[in-house]
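Taking it in order: structure first as structure tokens, then the write-up.
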Amino acid sequence: MVRSRPQAIHGVEIGEAVGSCGTAAHRGEAVFVTDIATDPLWGAFAELPLAHGLLACWSIPIRGADRRLLGTFGNYYR
């Protein structure tokens, strides 16, 4: 069964190979993934977007005026 996004990512730490958003937050730079199904950055996290027909994604970190990470912005494509 495919879980909802909040359930799937609850408690997941930011880091390398944690999807596009987790990786962008970790690296502090934009991340572009053209094929979620095969990109190693998605690994264990690919099931959810693929189940919803989402095949590619890019994400950028969002920083405050003090350069502190506030979050990420991601855009998914079918």
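Values in this text are rule-based calculations from the coordinates and carry no lab data. Note that this is a predicted model, so its numbers are computed, not measured. Methodologically, a virtual Cβ is constructed for each residue, glycine included, from the backbone with ideal geometry; neighbour enumeration extends over all protein chains shown.
Descriptive notes on the structure:
- Here the 3J(HN,Hα) profile of the stretch 52-63, calculated from phi with Karplus coefficients 6.51, -1.76 and 1.60 at θ = phi - 60°, is 9, x, 8, 10, 9, 7, 10, 8, 10, x, 10, 10 Hz, Gly and Pro shown as x.
- Note on the stretch 15-77: percent of Cα-Cα distances in each 10 Å bin, starting at 0 and stopping at the bin with the largest distance, equals 26, 52, 18, 4.
- Counting other Cβ atoms within 10 Å as a rough exposure proxy, the listed residues His52, His26 run His52, His26 from fewest neighbours to most.
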